[in-house]
Amino acid sequence: MIDKLTLDLKQFPVTPYIAHPYALQANFTGRKQERKMLTDWLTGGNHPMLSVIAIGGMGKTALAWYWLMEDIKGSDEQPRKIVWWSFYDYESGFGRFLKKAIEYFCDDEVDWNSLESTRDQMEFLYKILCDNRFILVLDGVERVLRAYYNLGSPYQGDEVKEDERVDFRACIEPNCGMFLQWLGSGNPRTKTLLTSRLFPKELDDFDGVVSKGLKAMDKEDAVDFFKRQGVKGTRAEIEEVCRAYGFHPLSLRLLSGMIIRDLRYHCDIKAWTRHNPLPKLLPKEHNILELAYNSLDEKKQRLISRISAFRSPMNYDTVAIFNDFGSEEKFNGVLRELVDRGLLFREEKRAKVKLDMHPIVRWYCYKERLTDKEKVHSKLRDYFATIPEPERIESVNDLTSVIELYQHTVRAGGYDEAMVLFHNRLHGDLYYKFGAYQTIIELLRALSPEREDKVPRLKNELAQAWTLNALANSYANSGRSREAISLFEMSNEIYKKQDANKQHLAICLGNLADNQMRIGELKVAEANFRRMIEISREIKEGFEEAVGHRKLGQLLAYQGEFGESEKEIEAAIKIAQKLGEKTK
Ligand SMILES: Nc1ncnc2c1ncn2[C@@H]1O[C@H](COP(=O)(O)OP(=O)(O)O)[C@@H](O)[C@H]1O
Ligand SMILES: [Mg+2]
C-alpha cells in the first residue's frame, strides 16, 4: 500500500519550472484550432518537436503560454515536469538553460563534478528527456540564431537582411544547434515546443520536427477581442478596422488599447476611424506603432522611450528613476495607462511587479523615437553604478548589475571607461572562473559598434590590442577559430608597432598559430610558432620560448616530422628545467 502510494506520488505533477514568466495581457481570445493542434501533438503525435514560426507580434508566445497554462496545466495531460524557457530575457543563453534545466529535473541533487563540460551536461540532460515524458517550451529561439544574436537584439526589429549573412538562421553556438537536433530526432519521450521568428537551420529536413506557421487572428476572434477590450461598434465596423491592419495580434492590441484609452474616441470605433482614415494597403506594423506612440502626449512618449532603453524586464523601483510626473500616484496612473494601451506588459505573478515590453515595441520606442539616447544611457549607467556587487560571485548571474553597468556605459558613449570596467571587474570571473565565452563575445563586440572586424573604438592602442586578443580567445574557446584568427591578426599588427610589448606579441602569435593549426593551415602556423620563439629569445622570455618550442614540436609531430618534433620538445624541456631551477 505504502509502495503504491509512493509510486502514485512519483507520478504526480510537480510545480513547473517557469524560468521567465510571460506577462500575458488581458483578454487573450480564440486560437482554438491552434491550441487543439498543440494538444493533439502533445498527446498523440509522433513528432518529438513542434515549432511555431511567425513574424514578431503574431502571438507565438501568447499562444504557447495560454495553451500551457490553461489547457495543459491542471488537466489529465499535464506531464510530471514542465520547463518554460524564454530566450528573450537577459542571461538566458544556452549554457544557463542547460544548468537550470538539469537542476530542476534532478530536484537540485546534481553532481556537477561529473558534468564538467557542456557536452557532458547536454548528454546528461538529453538522457533525462529521453526517459521521461516531460514538456520543454523554448520560447523566442530566434535570439540564439545569428540573425538576432548581438548586443542590439533587445532593441532589434523584424527586418533581417537575408542575403547579408549566409547562415543567418544558424545557431550561434554549435552546441545549441546540436542539442536542438537531438531533441528533434530519435525517440525522446519529452516533447519540445519551440517558438521563433525564424526556423533554425540545424533543424532543416529533420523528420522528428513538425513546423507550423502561425497565421493572423481569425476575424471572429478579432472582433470578440475588441469587444472584450471595451471597444464599441458593430461587428462589421470592427472587422473592417481589424482587416485594414491584417488581423495582426500585436497591432490589434495596440489599436484597441488606443481606442479605449484615448479620450477623443470614447471607446467608439467610428470616432476613431473619423480621425484615422483606414490605410488602403496593408500597413507595416511600423505604422500602427507610430499611431499608438503619437497618440500619447509628449511626456508619456518620453517615458515609454526611456523605459525602452532597459534591456530586460524591470522592477517598478527601477523604472521609477524616470518619474518626472510629480507624485507616485500620477506615475502609477501613467504606467497603468501604458499597460492598458498594450505598450507595457505587466507581469504580476512574481512577488514584485515586473514591467516588460514586446520586443517590437521596444525596438520602435528605442530605435526610432528615443532622441537623447546617450543621456538616457548615462542615467542608467549612474543608476546601475549604485547597485552593490554581491559579496560572493558564484555565477554569471551575480555579475548582472556590473554587466548592465557596462552595457549602458558603452551606449552612453563611454567606450574607454567600459573597457576598463570590463578588464577590472568582469574579465577575470567571466573568462577564468565561468568560461562564459559567449557573454564575453557579446560584451566586447559592442566596443566595435560599426563592424566586428574593425578595431575597437578605444583611444589607447594597447587597450585595443588587449580587447581584440580577449575577444579572439573567447572565439577560439567557442570553437570559432576563423573569427579568432582575423582578430589575433589585428591585435598582432598593433603589438608589432610597439617595441615595449614584444612579450604580448609573442603570446598573441602563439594564440594565432594555435588556431591556424586547428583549421589546417599548418605552414603559416609553423612560421608563426618560429617567430614566437625568435621574439621570446630576443627579449629573454624563457617561459614564452618554452611554450613556443612545445607547440612547434606538437605541430611537427602532426606532420609526421618526428625527429624535428623531438628536438623542439627537448628544447622546451631544457628551458623549463632552467626556469624551474631559477625559481627554487
Ligand atoms: N489570441 C490573442 N488574443 C489577444 N491578444 C493576443 C493574442 N495573441 C497575441 N496577442 C497579443 O499580441 C501581442 C503579441 O503577442 P506575442 O505572443 O508576444 O507575440 P510574438 O511572441 O509572436 O512576438 C501581445 O500584446 C499579446 O497580448
Ligand atoms: Mg514572443
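The values are calculated or read from the model by the stated rules, or taken from the named source; none is laboratory data. As the structure is a prediction and not an experimental result, all values here were calculated from the model. Positions of Cβ are backbone-derived with ideal geometry, glycine not excepted, and every protein chain shown enters the neighbour counts. Accessible surface areas use protein heavy atoms only, side chains included; no ligands, DNA or RNA. Shrake-Rupley method; radii C 1.70, N 1.55, O 1.52, S 1.80 Å.
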Between the residues 140, 414, 30, the Cα farthest towards the positive end of the dipole of the chain, that dipole coming from +1 and -1 charges on the beta-carbon of Lys, Arg, Asp and Glu, is from 30
Which pairs, out of 367/454; 496/574; 540/582; 551/574; 330/367; 60/212, put more than 18 Å between their alpha-carbon atoms?
367/454; 496/574; 330/367
Which values of log₁₀ I(q)/I(0), to two decimal places, follow from the Debye formula for the stretch 347-444 at q = 0.14, 0.15, 0.24 Å⁻¹ with a uniform point scatterer at every Cα?
-0.65, -0.74, -1.26
With a 1.4 Å probe and all protein chains left in place, how much accessible area per residue does the chain have, in Å²?
48
Please give, to one decimal in nm, the separation of the simple spin-label points placed at residue 312 and residue 103, each 7 Å out from Cα toward the Cβ.
1.3
Based on the Cα coordinates of the stretch 298-371, what is the per residue volume of their convex hull in Å³?
89
How high is the relative contact order of the chain, in percent, with contacts defined as C-alpha pairs under 8 Å that are six or more residues apart?
10
Projected area, mean over directions - the stretch 540-581, Cα convex hull, nm²
2.5
Packing-ranked peptide list from 115-123, 462-470, highest mean Cβ count within 10 angstrom first, is 462-470, 115-123
Of all the accessible heavy-atom surface of the chain, with the other protein chains kept in place and a 1.4 Å probe, what percent is carbon and sulfur?
50
Inter-label distance for residue 538 and residue 178, nm, one decimal - labels placed 7 Å from Cα along Cα-to-Cβ:
4.1
Check residue 268: other-chain or 5+ apart residues with amide H under 5 Å from its amide H, H built from backbone geometry?
232
Among residues other than residue 334 whose Cβ falls under 9 Å from its Cβ, what is the net charge (Lys/Arg +1, Asp/Glu -1)?
+3
For the stretch 417-425, in residue order, the Karplus 3J(HN,Hα) values (coefficients 6.51, -1.76, 1.60; θ = phi - 60°; whole Hz; Gly and Pro = x) are 4, 5, 5, 4, 4, 5, 4, 7, 10
How much length is gained on full extension from residue 583 to residue 73, taking 0.36 nm per residue of separation minus their Cα-Cα distance?
177.1 nm
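Based on DSSP H runs of at least 4 residues, each adding -39500 (n - 2.57), what is the mean residue ellipticity at 222 nm of the chain after dividing by all its residues, to the nearest 500 deg cm²/dmol?
-15500 deg cm²/dmol
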Zone of residue 460's modelled label, taken as backbone nitrogen in the stretch 410-438 under 18 Å from a point 7 Å along Cα→Cβ:
410, 414-428
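Show me 330-337, 168-175, 135-142 ranked by packing, highest mean number of other Cβ atoms within 10 Å first.
Taking the mean over residues of other Cβ atoms within 10 Å, the ranking is 135-142, 168-175, 330-337.
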About the Cα centre of the chain, what is the dipole size in debye to 20, counting +1 per Lys and Arg Cβ and -1 per Asp and Glu Cβ, all else neutral?
1340
Once both label points are put 7 Å beyond Cα along the C-beta direction, the residue 562-residue 33 separation in nm becomes 7.0
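Work out the P(r) tail for the chain: percent of alpha carbon pairs separated by more than 36 Å, whole number.
Details: 77677 of 170236 pairs.
Summing the P(r) of the chain above 36 Å gives 46 percent of all pairs.
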How do 206-219, 62-75 rank on mean C-beta neighbours within 10 Å, highest first?
62-75, 206-219
